[in-house]
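Rule-based calculations on the coordinates, nothing more; no lab input. Quantities reported herein were computed from a predicted structural model and do not represent experimental measurements. Cβ coordinates were reconstructed from backbone atoms using ideal geometry, including for glycine residues, and neighbour counts include every protein chain displayed.
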């Protein structure tokens, strides 16, 4: 009886060792990356692709915030001033195609009605006065506001501008000068002037102003 008990104990120990060895084999296979395990194909079924056992994917936590780079905005394209040798040459190469905005229509119209008979420098100076006024806090902040301000420009009648003969050279030249003045492509002799008048008149307000330039029949003041 004792012999059988001893033998049974031996068998139990051997079985336990076998199970432990098998468990070690299986756990070792799971630790490897990309081990393929063949699965028996039951009778009457097609073959199944081998299953690949891979390591468990462990998420990685970043201790610092991840900042996405902000793409740089494209630089604004600015039209470079011309290298024309004279104002006349610059006028000749200035593009005047396309329709004018209302603001540019007001600026060019002032040149046309106030100074189309003046030298080019005088026409540019008139445009510069309109621009200076629009940039000054003492006057309306737009070209049209400046031009249509009450009792400022004699060509404005009942709040409107006379009809412009748009096919004339004078109008085409006025459009070019308006663009040159608006874009600051040529320095005007009027500088920072806010006022002007014809030589043949002597308004009282001119006595308190600083004279900036005299161009043909116009005198310009700050």
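Results, tabulated for the structure shown:
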| read-out | value |
| --- | --- |
| Any hit, the stretch 106-126, residues being without any contact (Cβ under 8 Å) to a residue 40 or more places away in the chain, buried (at least 16 other Cβ atoms within 10 Å of the Cβ) and either under 31 Å from the mean Cα position of the chain (by Cα) or assigned to a loop (DSSP other than H, G, I, E, B) (or both) | no |
| Flag if residue 130 is crowded, with 20+ Cβ neighbours inside 10 Å and over 17 Å from residue 170 (Cβ atoms) | yes |
| Only one of 136, 154, 160 that is exposed (fewer than 14 other Cβ atoms within 10 Å of the Cβ) and either touching a helix residue (DSSP H, G or I) at 6+ places or on another chain (Cβ under 8 Å) or more than 17 Å from residue 103 (Cα to Cα) (or both) | 154 |
| In the stretch 85-105, the residues that are farther than 15 Å from residue 148 by Cβ and either part of a helix (DSSP H, G or I) or in contact with a strand residue (DSSP E or B) (Cβ under 6 Å, 6 or more places away or on another chain) (or both) | 87, 88, 89, 90, 91, 92, 93 |
| Some residue of the stretch 170-186 being surrounded by 13 or more Cβ atoms within 10 Å (Cβ to Cβ) and either more than 24 Å from residue 95 (Cα to Cα) or touching a strand residue (DSSP E or B) at 6+ places or on another chain (Cβ under 6 Å) (or both) | no |
